[in-house]
Amino acid sequence: MSYCFGKRIIALCFALFIASALLWGPRAADAGSEALDQTLPAIRAEAIRAHMNFLADDLLEGRATGTRGHEIAARYMASEFEAIGLEPAGENGTYFQSVPLRSIRPDEQRTALAFVLGGKEKALVFRRDFVSYGDPGRISTSVEAPVVYVGFGVTASDQRYDDYAGVEAKGKIIAYLSGAPASFPSTIRAHYSSAKAKAANAVAHGAVGTILLDSPELEQRYPFEERVRDLSMPELRWLDSNGQPNDYFPQLRGTAILSMNATAELLEGSGHEPKDVYEAASQGKPSSFAVPITVKIRVLSMHQGIRSPNVIARLRGNDSQLQSQYVVYTAHLDHLGIGEAVKGDRIYNGALDNAAGSACLLEIARAFTELKLSPRRSVLFVSVTGEEEGLLGSDYFAQHPTVPKDALVANINMDGAALLWPIQDVIAYGAEHSSLGTTVNQAASLLGLEVSPDPRPEQVFFIRSDQYSFVKQGIPSVFVMSGLKSNAPAIKPPEIIANWRKSVYHKPQDDMTQPFDFRSGARFAQFNFLVGYLIAQRTEKPAWNPGDFFGEQYGPSK
């Protein structure tokens, strides 16, 4: 596939020149024409490959947050930012923002869960029947209470839905399923599926503990055996100035996750067969009930303090009125490090996830520095840590930015790149909630791409990468992924991505031996560059759409 040279680039340059003239006037039109004509070809497929080759090398040992491998990767990003002429925008005149973290591991030998029914107690087996990842705030905690099943654990007045209706959760342990009703719009479904939203809702209803039940849907997305495997890697939380972990609810004195067999055993005697429970959930029908069982949970945890850096660089804008505002690009640099072996390999290199996005971040930054005239707004390039541990680096930065918080006007996040087949369309998660939707459509049109709706809403991608951290701070954000279209009959993107997620995602097999299409990756980076460039040039600040759910939840009035 051709992608930005020859006759095609001339036509596209002219299109952008006209669009620029209509939007911004002669000076911006000249800059807009240059952006496509001279700058986009500077985003190079071979450079993306080279950056990925280094970041996903075994020598970096999977770049786990808080490890030497990630530190090396962070130094690499900072060196590249400096080499292309970007200013440091971290702490104390450096490119780094140190994120204070707590590492949490369960004491597996002393962590316990038991069912109590009819005066008889049955102990479950850690790793076989249940797991717990530890308590972020306490070394030791326990709870014993009756159980109520609360469906997805969602209360959504805006969707006229409440899983807690008709049950009393105060003083109880709630048992719930992952996800949210399929009838919810994609990004709103993702929001209500988040662990933080469910924990906060449980506390609001007086619960004292939580149990996540297994289900066929969850087994497709995150099998219990993979949860067991992931025990080899610690849970992490960032710490505030008082040493308190983020998103922590001390009212919940015990949490656990059950296997499919243990889930069926918990529901036994409730009068509700597991298949009926799952069916009701798939139909989005609230189906809550008391479970005639008491559960005892004891969680012993091991804590360790660590630090890990975000890497932050700045390109100053040229407009005296707008240069104090920032468009923020993000891509997470961390991956999973060294874990349990899969097919004889223990290094989780994270090539596509997310050496690819990090490489695109560097090439986009380079493209901005090659503009003869920088954009009107300033641009921040933030290589974040701790995404795999719960969006920690981006959440910390969004709440404690190294520039004035109210100066952050938009976020463009990259997690992965279009490397598995030639890109034909994009999915822009979050774009429909703000004026960024118009910008995304403009950029797609200029590059001959289509914008497609979310084809896999059950995967709740909107809350699974770093743009969600900015959304929660009221900052319009967009996260772009490759769509599932192809004009070549032999290329079947739905099959490719399904196989990749089953066989490669979050496994050591996500390395540089994969058959990547780096030309497609360059085109993906060009699209993200254009989105940010258009935002940085437009006089109007990005804004939430009137009455939008996320604008109402997190916008300026909140």
Single unsatisfied condition, residue 496 versus (1) at negative phi; (2) within 19 Å of the chain's Cα centre (by Cα): (2)
Test residue 186 against the stated conditions and say whether it is modelled with pLDDT under 95 and surrounded by 19 or more Cβ atoms within 10 Å (Cβ to Cβ). yes
Check the range 161-176 and report whether any residue there is in contact (Cβ under 8 Å) with a residue 60 or more places away in the chain and under 22 Å from the mean Cα position of the chain (by Cα). no
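Of all residues in the range 470-493, how many are under 29 Å from residue 552 (Cα atoms) and of a type outside the set (A, V, I, L, M, F, W, C)?
Summing the residues that are under 29 Å from residue 552 (Cα atoms) and of a type outside the set (A, V, I, L, M, F, W, C) in the range 470-493 gives 7.
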Can residue 443 be described as in contact with a Pro (Cβ under 6 Å, 6 or more places away or on another chain) and of a type in the set (Gly, Ala, Ser)? no
Condition met for residue 508 (in contact with a strand residue (DSSP E or B) (Cβ under 6 Å, 6 or more places away or on another chain) and crowded, with 18+ Cβ neighbours inside 10 Å): yes
The range 61-99: number of residues that are of a type in the set (A, V, I, L, M), part of a helix (DSSP H, G or I) and surrounded by 23 or more Cβ atoms within 10 Å (Cβ to Cβ): 2
Residues that are in the same structural domain as residue 346 (by TED's automatic domain parsing) and under 23 Å from residue 112 (Cβ atoms), at least 3 per element: which strands (runs of 3 or more DSSP E) completely within the range 134-233 meet that? none
Within the range 287-328, the residues that are touching a helix residue (DSSP H, G or I) at 6+ places or on another chain (Cβ under 8 Å) and not aliphatic (A, V, I, L, M) are 287, 308, 309, 310, 317, 324, 325, 326
What number of residues in the range 217-250 are closer than 30 Å to residue 503 by Cβ and either polar (S, T, N, Q) or out of contact with any helix residue (DSSP H, G or I) (no Cβ under 6 Å at 6 or more places or on another chain) (or both)? 19
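Yes or no: residue 481 in the same structural domain as residue 350 (by TED's automatic domain parsing) and within 26 Å of residue 181 (Cα to Cα)?
So residue 481 passes the test.
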Subset of the range 197-211, residues surrounded by fewer than 20 Cβ atoms within 10 Å (Cβ to Cβ) and among the basic types (Lys, Arg), comes to none
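Do we find a residue being of a type in the set (D, E, K, R) and closer than 18 Å to residue 482 by Cβ anywhere in the range 459-468? Outline the logic, then answer.
Residues of the range 459-468 that are of a type in the set (D, E, K, R), as a first pass: 464, 466.
After this cut, where a residue has to be closer than 18 Å to residue 482 by Cβ as well, the list is 464, 466.
The answer is yes, given that some residue of the range 459-468 is of a type in the set (D, E, K, R) and closer than 18 Å to residue 482 by Cβ.
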Could you list all residues from the range 254-300 that are over 30 Å from residue 185 (Cβ atoms), free of Cβ contacts under 8 Å to residues at least 60 places away in the same chain and surrounded by 15 or more Cβ atoms within 10 Å (Cβ to Cβ)? 264, 268
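Look through 247, 319 and report the one residue that is under 30 Å from residue 98 (Cβ atoms) and either touching a Pro at 6+ places or on another chain (Cβ under 7 Å) or in contact (Cβ under 8 Å) with a residue 40 or more places away in the chain (or both). Break it down stepwise before answering.
Details: 319 fails: under 30 Å from residue 98 (Cβ atoms).
Residue meeting the stated conditions: 247.
Looking at this structure, is residue 50 exposed (fewer than 14 other Cβ atoms within 10 Å of the Cβ) and either assigned by TED's automatic domain parsing to the domain that holds residue 519 or closer than 30 Å to residue 361 by Cβ (or both)? Let's see the steps before the verdict.
Values: exposed (fewer than 14 other Cβ atoms within 10 Å of the Cβ): no; either assigned by TED's automatic domain parsing to the domain that holds residue 519 or closer than 30 Å to residue 361 by Cβ (or both): yes.
In short, no.
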Options 315, 361, 300, 322: the member that is closer than 19 Å to residue 71 by Cβ and either in contact with a His (Cβ under 7 Å, 6 or more places away or on another chain) or among the hydrophobic types (A, V, I, L, M, F, W, C) (or both): 361
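When the residues of the range 104-133 are filtered to those that are of a type in the set (A, V, I, L, M) and part of a loop (DSSP other than H, G, I, E, B), which remaining residue is surrounded by the most Cβ atoms within 10 Å (Cβ to Cβ)?
Residues of the range 104-133 of a type in the set (A, V, I, L, M): 104, 112-114, 116-117, 123-125, 131.
Right, trim to part of a loop (DSSP other than H, G, I, E, B) and you get 124-125.
Values: 124: 20, 125: 11.
Top of the filtered list is 124.
The values are calculated or read from the model by the stated rules, or taken from the named source; none is laboratory data. Because the structure is a prediction, the values reported are computed rather than measured. Neighbour counts are summed over all protein chains in view; Cβ atoms, including those assigned to glycine, are modelled from backbone coordinates with ideal geometry.
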